[in-house]
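The values are calculated or read from the model by the stated rules, or taken from the named source; none is laboratory data. Computed from a prediction, not measured in an experiment: that's the story for all the values here. Please note: Cβ atoms are built from the backbone with ideal geometry, for glycine as well, and neighbour counts cover all protein chains shown.
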Amino acid sequence: MSLWFVSSAVLPDMIREVDISGMRQAALSSSVQAGFVVGALIVAFFGLADRYDPRRVFALSAVLAGLVNFTLVLSSPGSGLAIIARFLTGALLAGVYPVGMKIMVGWGQKDRGFLVGALIAALTLGSAFPHLLSLAGGANWRLIIVVVSVAAAAGGLLCLLVGLGPHHSIAPRFNPRTIASAWTNRRVRLAYAGYLGHMWELYAMWAWVGLATATSYAVTMPMDEAVRLSTITAFAAIAAGAVASILAGLVADRIGKAEVAIIAMIISGLSALAAALSFGGPAWLTLIVVVIWGISIIPDSAQFSALVADFAPPDQAGSLMTFQTALGFALTIVTVQTTPLIASAFGWPAVLAGLALGPLFGVVAMMRLRVLCRS
């Protein structure tokens, strides 16, 4: 998953080399989301995660994604070819993330919160990894692209060594009614609604936290220092969510997945508002607020997927979880692409505060799910 934000992590160094318009800067990130949506719809509608060995789907997708990402070193930064490569990378990652969840839920039922939480922790660390490489690699952004591409392919090959759990189920053929149950099954529908509220906030924050904090820090310090501190902030904020995802999964298996999702979204929503209020203020305060936001913004993700797995028939879980991610990432195309544009028009504090609307929507959905499950 380190492929996801590699363009965001090296974007400042790309801009030093080539003048990239604001629209193309955003497209380098949002095209990954768009590609993922297309790929996830293909995986979901053809039931690839439920009909075939998910380890092979995962491995093939990751290796091909690494190869496509490698072409970034051969194309001009921000060019049409680079944007197409990012789109294809996103499409191939649809064979990694949701398919990985299919593998994980096959290993347990009572501890699914922890199992999917562990996978989300890996996703989170992978997403943060390019920012760490950016700190270590300096301005050599092409080397970072190569390292991330190799890491992605290696991760895919490692999946071939994974076993399939006792709860793994295979669908004999694709049934279009599987996707329809996302609406007819009310519990699944509410889990989807909570996930959409979560995704409204998550990827806009992850994709633009570096630029937002750099702009905030630049109010009180030189730009070079602000950019370096913002890179550290982005890595810390994203990576910190990995540990939180595992711990939240353990807690969710004890007190309930919806309950943990509600707690996480309340904290992340308040953190978004706090980030807006602290913008342009003391750098240490903004850093603390953003790291807390990063810790709280991701643990609920695993619980939405685990809830779908709980409420879906075993041979449909892979398709329904994949379709869930397709809808969520379709929403992020809008949020990732429009975030810098809205920031230019109204300022970053307004954008940060607006991201809190997603967790609010998600909390309402989860509270309704709790009532339904108790009735």
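In region 1-22, which residues are within 15 Å of S134 (Cα to Cα), assigned to a loop (DSSP other than H, G, I, E, B) and of a type in the set (S, T, Y)? Within region 1-22, just S2 meets the criteria. One residue alone among A207, A180, A153, A139 is more than 16 Å from A234 (Cβ to Cβ), modelled with pLDDT under 85, assigned to a helix (DSSP H, G or I) and not hydroxyl-bearing (S, T, Y), and that residue is A180.
Residues L81, L72: which one is out of contact with any Gly (no Cβ under 8 Å at 6 or more places or on another chain), free of Cβ contacts under 8 Å to residues at least 24 places away in the same chain and either hydrophobic (A, V, I, L, M, F, W, C) or surrounded by 20 or more Cβ atoms within 10 Å (Cβ to Cβ) (or both)? Walk me through it before giving the result.
Values: L72 fails: free of Cβ contacts under 8 Å to residues at least 24 places away in the same chain.
Result of the check over L81, L72: L81.
Of all the listed residues (L331, L369, L355), the sole one being more than 27 Å from A212 (Cβ to Cβ) and surrounded by 18 or more Cβ atoms within 10 Å (Cβ to Cβ) is L369. Looking across region 23-58, the residues that are in a loop (DSSP other than H, G, I, E, B) and closer than 21 Å to A153 by Cα come down to Y52, D53. Only a single item in (1) within 22 Å of A191 (Cβ to Cβ); (2) part of a helix (DSSP H, G or I); (3) not small (G, A, S) is not met by L92, and it is number (1).
Between K110, K102, the distinction of being assigned to a loop (DSSP other than H, G, I, E, B), in contact (Cβ under 8 Å) with a residue 40 or more places away in the chain and among the charged types (D, E, K, R) belongs to K110 only.
Quick one: in region 180-211, which of the residues that are in contact with a Leu (Cβ under 7 Å, 6 or more places away or on another chain), aliphatic (A, V, I, L, M) and closer than 17 Å to A353 by Cα is surrounded by the fewest Cβ atoms within 10 Å (Cβ to Cβ)? By that ranking, first place goes to M199.
The criterion of being crowded, with 24+ Cβ neighbours inside 10 Å, under 16 Å from the mean Cα position of the chain (by Cα), within 21 Å of L202 (Cα to Cα) and β-branched (V, I, T) does not hold for V37. In region 262-270 there is no residue that is surrounded by fewer than 24 Cβ atoms within 10 Å (Cβ to Cβ), touching an Asp or Glu at 6+ places or on another chain (Cβ under 6 Å), in contact (Cβ under 8 Å) with a residue 12 or more places away in the chain and not small (G, A, S).
Flag: A121 matches the condition of being in a helix (DSSP H, G or I), crowded, with 23+ Cβ neighbours inside 10 Å, at pLDDT 85 or above and not basic (K, R).
Being buried (at least 24 other Cβ atoms within 10 Å of the Cβ) and within 16 Å of S7 (Cα to Cα), is that true of even one residue in region 101-117? No - not one qualifying residue is present in region 101-117. Restricting P349, P359, P340 to residues that are more than 28 Å from E259 (Cα to Cα) and either at pLDDT 90 or above or of a type in the set (D, E) (or both) narrows the list to P349.
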